[in-house]
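Okay, structure first, notes after.
The values are calculated or read from the model by the stated rules, or taken from the named source; none is laboratory data. Note that the structure is predicted; figures quoted are calculated from it, not measured. FYI the Cβ positions are ideal-geometry reconstructions off the backbone, even for glycines, and counts take in every protein chain you see. Ligands, DNA and RNA are excluded from the accessible area calculation, which covers all protein heavy atoms including side chains. Shrake-Rupley method; radii C 1.70, N 1.55, O 1.52, S 1.80 Å.
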Amino acid sequence: MSINVQPFGDQAILVEFGSSINKETNKEVRKFSAHLDASSPEWMIEYIPAFTTVTIIYDPLYISHQVGGETPLPYEWAQQQVEELLSKNTIDRNQTDRTIEIPVSYGGDLGPDLSFVAAHNKMSEEEVIKTHMAGDYLVYMIGFAPGFPYIGGMDEKIAAPRRDDPRLAIPAGSVGIAGSQTGVYPIETPGGWQLIGRTPLRLFQAEQAPPSLLQAGDHIKFTRISEDEYKSMKEDER
């Protein structure tokens, strides 16, 4: 795999593992992220993993003190450190990843856009639900909002465009479709995804460690529950 390392702003480095979104590239992203967690270099402020990249934000003042104001410049020094980390990236990511089951009550008041998704794809609501549950889902990254999973693997037969008029407040737990992606809103937030159901699970709890229920690399299995089961499980979650 060809890895590209380049500057990203005035105190960040972008490490690109590829240009297309796929499981193997994302596996390398997660492998390097695990290596950064394990090594935790003092010059690094934080890192941000995405579909195909890892952005590393570094502390130029710390680096300047380390090199004593001499060359190389902070970026050049940080780049050398990153390339050394990449060369020693031997953490084994072949262990079995988790499979998280997410129960969903589809349609009705909890999934008000299910009928639109069905009509858009010339399918019945039941066909949309069964297709959604049958997907081979992988969490590629967490972003946009705290704990929000970017999930790949949805069948494009149920793809649907974003709403023309985004909602100002989408309830936490809402399961939506936007384009060929599906996702779950972990907190109440504005959004334009087509809502097909809702889960009683709490995907983000600030008091927990880690606060996000889902992590990059998790496999997702959506299962169906009734609205009564949703309400009962919701009460248990409180």
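What tally of residues in region 9-23 results from selecting those that are assigned to a loop (DSSP other than H, G, I, E, B) and surrounded by 16 or more Cβ atoms within 10 Å (Cβ to Cβ)?
So the answer is 3.
Going through region 164-177 one residue at a time, which ones are in a strand (DSSP E or B), among the small types (Gly, Ala, Ser) and open to solvent by less than 10 Å² (accessible area, probe 1.4 Å)?
Once the filter is applied, which keeps residues that are in a strand (DSSP E or B), among the small types (Gly, Ala, Ser) and open to solvent by less than 10 Å² (accessible area, probe 1.4 Å), region 164-177 yields 174, 176.
All but one of (1) in a loop (DSSP other than H, G, I, E, B); (2) of a type outside the set (Ser, Thr, Tyr); (3) in contact with a Gly (Cβ under 9 Å, 6 or more places away or on another chain) hold for residue 207; which doesn't?
It fails just one condition, (3).
Looking at region 108-150 only, could you name the residues that are within 25 Å of the chain's Cα centre (by Cα) and open to solvent by 60 Å² or more (accessible area, probe 1.4 Å)?
Our first condition is that a residue be within 25 Å of the chain's Cα centre (by Cα); within region 108-150, this holds for 110-114, 117, 128-150.
112, 130, 134, 136, 144, 146 - these are the residues of region 108-150 that are within 25 Å of the chain's Cα centre (by Cα) and open to solvent by 60 Å² or more (accessible area, probe 1.4 Å).
Looking at region 85-97, which of the residues that are in a loop (DSSP other than H, G, I, E, B), open to solvent by less than 80 Å² (accessible area, probe 1.4 Å) and at pLDDT 70 or above is nearest to residue 5 (Cα to Cα)?
Top of the filtered list is 89.
Output the number of the condition that residue 158 fails; it satisfies all remaining conditions of (1) open to solvent by less than 10 Å² (accessible area, probe 1.4 Å); (2) more than 27 Å from residue 23 (Cα to Cα); (3) not aromatic (Phe, Trp, Tyr).
Among (1) open to solvent by less than 10 Å² (accessible area, probe 1.4 Å); (2) more than 27 Å from residue 23 (Cα to Cα); (3) not aromatic (Phe, Trp, Tyr), residue 158 violates only (2).
Quick one: is residue 82 open to solvent by less than 30 Å² (accessible area, probe 1.4 Å), over 25 Å from residue 149 (Cα atoms) and either part of a helix (DSSP H, G or I) or at pLDDT below 95 (or both)?
Yes: the conditions hold for residue 82.
Scan region 44-56 residue by residue and report those that are surrounded by fewer than 17 Cβ atoms within 10 Å (Cβ to Cβ) and over 14 Å from residue 5 (Cβ atoms).
If the condition is that a residue be surrounded by fewer than 17 Cβ atoms within 10 Å (Cβ to Cβ) and over 14 Å from residue 5 (Cβ atoms), then 45, 46, 48 are the ones that fit.
Every residue in region 51-75 that is at pLDDT 85 or above and assigned to a loop (DSSP other than H, G, I, E, B), please.
51, 52, 59
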